[in-house]
1. How many residues, within the range 80-104, are over 27 Å from ASP7 (Cβ atoms) and without any contact (Cβ under 8 Å) to a residue 60 or more places away in the chain?
2. Given (1) at pLDDT below 95; (2) among the aliphatic types (A, V, I, L, M); (3) touching a Pro at 6+ places or on another chain (Cβ under 7 Å), identify the lone condition not met by LEU90.
3. Could you tell me which numbered condition GLY70 fails, if it satisfies all but one of (1) small (Gly, Ala, Ser); (2) out of contact with any strand residue (DSSP E or B) (no Cβ under 6 Å at 6 or more places or on another chain); (3) closer than 28 Å to MET117 by Cβ?
4. If TYR143 passes every condition in (1) out of contact with any helix residue (DSSP H, G or I) (no Cβ under 7 Å at 6 or more places or on another chain); (2) surrounded by 13 or more Cβ atoms within 10 Å (Cβ to Cβ); (3) more than 21 Å from TYR55 (Cβ to Cβ) but one, which one does it miss?
5. Output the number of residues of the range 29-63 satisfying the condition of being of a type in the set (D, E, K, R) and either touching a Ser or Thr at 6+ places or on another chain (Cβ under 7 Å) or within 14 Å of ARG154 (Cα to Cα) (or both).
6. Is it the case that ALA149 is over 19 Å from the mean Cα position of the chain (by Cα), in a helix (DSSP H, G or I) and of a type outside the set (D, E, K, R)?
7. Considering ALA130, ALA174, ALA138, which residue is among the hydrophobic types (A, V, I, L, M, F, W, C), touching a Ser or Thr at 6+ places or on another chain (Cβ under 8 Å) and more than 19 Å from ILE42 (Cβ to Cβ)?
8. Among the residues of the range 107-120, are any in a strand (DSSP E or B), free of Cβ contacts under 8 Å to residues at least 12 places away in the same chain and among the aliphatic types (A, V, I, L, M)?
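The values are calculated or read from the model by the stated rules, or taken from the named source; none is laboratory data. The model shown is predicted, which means the values in this text are computed figures rather than measured ones. Note: ideal-geometry Cβ built from the backbone for every residue, glycine included; neighbour counts use all protein chains shown.
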Amino acid sequence: MTISLYDAIIPTQLQIIAAVRALVDKAKTHCEDKGTAPEEIIGARLIEDMQPFSYQVKSCREHSLGAIEGVREGMFTPSLVAPPNDWEGLYEKLDEAKTGLEAVSAAEMEGFVGQHMEFRFKDAVMPFTAENFLLSFAQPNFYFHATTAYDLLREQGLQIGKRDFLGTPRIKRA
């Protein structure tokens, strides 16, 4: 069986983006039900030197749709724009990622194969082929930030579990 670059990336990123959006829903509801100020969750960190929940959500967008945008341009540089500080801003990032990923075609993804691509941040430059950038750099970063967002909510006391992280798998239909 052959799997395309599109199949290896886009459907699963859409699955996890939807799951992270549902996590934001649960976080918002948790704050409303418990009388917790939204900034307590939005600004929550696992440890002082890690980025907050809002950054983790923003980074899901950056390492999914942002990575595709970077491949289109031949260069990806992480956004240094501050993450959203409210629920609406978090939803906007996730909805932007969903809409943008849904617009990517399999043909466009296959056209990326073999294309030169660079990751640039400050003085660091990492050369890649587009597929190696997407599969070995962007995708692991995407999962890191989605997992960290989930972990932050667990640490904040939300009653969520593995199914909340996984979202809706693409099961075989009869």
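1. Summing the residues that are over 27 Å from ASP7 (Cβ atoms) and without any contact (Cβ under 8 Å) to a residue 60 or more places away in the chain in the range 80-104 gives 10.
2. (1)
3. The single condition GLY70 does not satisfy is (2).
4. For TYR143, the failing item is (3).
5. Total meeting the criteria: 3.
6. It is false that ALA149 is over 19 Å from the mean Cα position of the chain (by Cα), in a helix (DSSP H, G or I) and of a type outside the set (D, E, K, R).
7. Residue meeting the stated conditions: ALA138.
8. At the first step, the residues of the range 107-120 found to be in a strand (DSSP E or B) are 116-120.
Now drop any that are not free of Cβ contacts under 8 Å to residues at least 12 places away in the same chain, which leaves none.
No, there is no match, as no residue in the range 107-120 is in a strand (DSSP E or B), free of Cβ contacts under 8 Å to residues at least 12 places away in the same chain and among the aliphatic types (A, V, I, L, M).
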